[in-house]
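To start, the structure under review is shown below, and the notes come after it.
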Amino acid sequence: MSVAAVPTMLRRPPRLLGIVAGTDHKSLGLRMFVTAFGFFLGAGLLALIMRLELAAPGMQFTSKQGYDELFTIHGSTMFYLFATPAALALGVYLVPLQIGASSLAGARWALGGWWLTILGGIVMWSGFFTARGAADVGWYAFDPLSDSPHTPGVGMDFWIFGVILSALGAILVAACLLATVVRKRAPGMTMLRIPVFTWSMVVTVLMVLTAFPALVVAMGLLYAQRSLGGVLKVPGGPLTYQHLFWFYGHPVVYVVFFPFLGAVAEAIAIFSGRRFFGYPALVVSLLAFAAGSMSVWGHHMFTTGAISNRYFALTSTGLLIPAGVEYFDCLATMWRGVIRLRTPMLFALGFLAMFVIGGVTGIWVASPPLDYHETDSYFVVAHFHYTLFGGSVMGMFCAIYLWFPKVTGALLREGLGRVHFWLTVLGLNLTFFPMFFLGQDGMPRRVADYPSSMGWEGLNTLSTVGSDVVALSVLVFLVNVAVSLTVRRPAGPDPWGGHTLEWATDSPPPPRNFRALPPVRSYAPLLDLAEETPA
Amino acid sequence: MRLFERAPRAMAVWGVYLIALGAVLWFVFFADALSFALPAAAAGITFAVAVLSLRPERRREELEHVTDLSPGTPLAALGFACALVGLEVGEWLVLIGAGLLGLALGILVVRERPG
């Protein structure tokens with residue numbers, strides 16, 4: 001099996017210093033992921049408070065100002081501090097392993113990126129402790145709502161700094177990942193042999209490198225506007241800000257989608273016992289999807305009346321084509337496969353089922369006449385939570401259950417995993433499906449209260465119960481992790497019958513990743529080996 | 001598919017696609033200059049990265065050098081963050097941030113230089 005010797009193993013660094021300053025990509029990826037998950041729990045807590053407030057008419061737990069802060073920091077944390085860093089963390093851990101590299105290119109830059117994200121989070125959340133509270137203008141902070149006269153206080157400025165730091169952090173990590181794929185592939189690992197997950201990371205980091213600078217510029221302009229004045233007060237100034245923001249703001253939805261789609265694709269191939277179907281079509285569709293998703297930002301601005309609605313409706317609807325190719329590839333991989341319904345596969349199937357609801361309602365709001373009706377209503381909240389929770393979070397749990405044995409050397413408990421999965425599906429649908437009806441009925445988003453005469457209480461209460469079920473599901477997951485790490489069931493190098501190189505090394509992998517590399521002749525080298533070996 | 005066999009070519013194709021979409025927006029749908037400038041700038045970054053990745057590889061030993069610990073890096077990030085937040089909090093924090101950043105860069109250059 002061995003064709004390439006690998007350099008001598010390095011000693012592991014001291015524990016505390018290793019956590020702070022270690023550059024090994026596995027340790028760094030794990031630290032990035034744990035940090036991101038911590039922010040996920042924090043943002044989830046804020047969501048629970050919001051849902052409690054909305055369960056019944058009247059103000060129960062927060063003030064209106066406090067509620068505005070909650071939804072702002074919830075959304076900001078989910079995008080800037082959880083979903084993007086978690087998606088990149090998966091790449092930092094897995095990409096070098098999947099392409100047969102011994103390390104991450106520019107690992108110190110990636111370490112810096114992780115620290116910038118953490119510091120960005122601390123700065124952003126510290127706004128809660130300032131005199132006027134945290135930022136309260138939504139995760140996009142449109143001007144003039146976010147300028148000094150309308151939103152005074154240092155909490156808003158801290159939010160801007162937090163966004164800048166986390167965006168720069170993401171850019172640094174993305175650059176390292178791209179350099180790793182370009183420079184560090186193992187012998188034989190051509191671009192058309194890199195695994196599906198790694199391709200999903202390639203398009204992700206391309207989007208980070210090309211879209212996130214627009215966010216940094218937008219934040220710079222906003223801060224200049226707040227401290228100096230006049231910057232965005234020229235004709236078209238607020239629209240310029242919106243263009244810059246949404247040029248980042250829509251691609252980021254795919255930045256936090258593609259890596260998890262890649263994870264789901266890997267899980268589907270492994271648990272169907274088949275080579276991933278339509279690899280070349282998937283590669284082309286990923287590239288087309290990524291480029292297309294950078295050409296749809298204007299659909300967030302339909303109601304401004306200042307953009308070409310026809311173009312952005314066309315490109316937004318056009319995303320159906322690459323998305324359809326990817327769905328078709330996943331379904332065709334399962335066709336006539338020997339499907340094993342283990343927890344990662346359950347989450348993969350859940351991802352496909354739930355994301356399609358978000359996708360189809362996305363086509364709905366990509367139509368300007370319908371968008372005019374639904375904009376700023378709970379319909380939009382339901383739509384994007386089906387893409388972000390139904391897609392990204394389900395995909396993230398698929399990735400966790402799939403690669404946890406590789407990262408820790410221990411298997412997660414299957415029974416608790418199934419409970420976690422079904423609670424997630426139940427909670428997700430209970431929380432977000434009622435919001436479609438609330439939105440259709442005219443309930444606006446970003447409100448802390450609603451009149452009892454509107455008849456929205458029942459659906460809101462149902463939604464709040466759903467959010468509690470989601471919280472319970474996360475609790476079950478944390479118990480599963482704790483139990484599985486305490487009473488360990490050894491996983492071995494390849495517990496699932498994986499297809500890609502990370503399954504050819506120990507669990508967890510040694511410091512330089514591989515003692516020896518198998519030959520690489522396709523995007524599923526271990527499957528090639530298995531097929532060559534006589535039964 | 002051979003177009004995507006090499007990373008720089010795949011990136012270049014992606015950049016061309018971005019520009020094409022931006023051009024359609026500008027020329028066919030008569031959008032403003034900013035609506036074209038944004039995808040054009042993104043394509044520019046992509047082309048730059050593609051060109052950078054064309055550079056010949058350095059010697060293998062140099063590439064394989066990995067510093068397992070980099071205390072200078074978190075210090076640099078902390079210094080940068082302090083300097084940034086100091087813009088709002090006060091000059092004293094900017095100075096502390098600048099000091100930390102200088103110290104970190106010193107550590108990175110003197111102690112953690114590859115080679």
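The values are calculated or read from the model by the stated rules, or taken from the named source; none is laboratory data. Every value quoted in this text rests on a predicted model; they were computed, and no experiment measured them. Reconstructed Cβ throughout: ideal geometry from the backbone, glycine too, with neighbour counts over all protein chains shown.
Set side by side, the residues A:ALA263, A:ALA269 differ, and just one is under 25 Å from A:LEU529 (Cβ atoms), in contact with a His (Cβ under 9 Å, 6 or more places away or on another chain) and surrounded by 22 or more Cβ atoms within 10 Å (Cβ to Cβ), which is A:ALA269. Counting only residues that are aliphatic (A, V, I, L, M), facing chain A (nearest Cβ under 8 Å) and either more than 17 Å from the chain's Cα centre (by Cα) or over 20 Å from A:SER285 (Cβ atoms) (or both), region B:8-40 holds 10 of them. Of the set (1) assigned to a helix (DSSP H, G or I); (2) of a type outside the set (Asp, Glu); (3) buried (at least 17 other Cβ atoms within 10 Å of the Cβ), all apply to A:THR317 but (3).
Contact map, region A:434-454: residues that are farther than 20 Å from A:ILE357 by Cα paired with residues that are of a type in the set (A, V, I, L, M) and outside any helix (DSSP H, G or I), Cβ distance under 7 Å, separation 6+ or inter-chain. Pairs shown: A:ALA448/A:MET59; A:ASP449/A:MET59; A:TYR450/A:MET443.
I'd like to check something: does region A:237-249 contain any residue that is surrounded by fewer than 22 Cβ atoms within 10 Å (Cβ to Cβ), away from chain B (no Cβ under 11 Å) and among the hydrophobic types (A, V, I, L, M, F, W, C)? No, because not a single residue in region A:237-249 is surrounded by fewer than 22 Cβ atoms within 10 Å (Cβ to Cβ), away from chain B (no Cβ under 11 Å) and among the hydrophobic types (A, V, I, L, M, F, W, C). Among the residues of region A:25-45, just one is within 30 Å of A:PRO451 (Cα to Cα) and buried (at least 20 other Cβ atoms within 10 Å of the Cβ), namely A:ALA43.
The condition (being over 22 Å from A:GLY138 (Cβ atoms), facing chain B (nearest Cβ under 9 Å) and either in a helix (DSSP H, G or I) or at pLDDT 95 or above (or both)) is satisfied by just one residue among A:LEU177, A:LEU192: A:LEU192.
Listed conditions (1) surrounded by 17 or more Cβ atoms within 10 Å (Cβ to Cβ); (2) assigned to a helix (DSSP H, G or I) are all met by A:GLY415, apart from (1). Residue under question is A:TYR93, and the condition is that it be more than 14 Å from chain B (Cβ to nearest Cβ), under 24 Å from A:TRP297 (Cβ atoms) and outside any loop (DSSP other than H, G, I, E, B); does it hold? In short, no.
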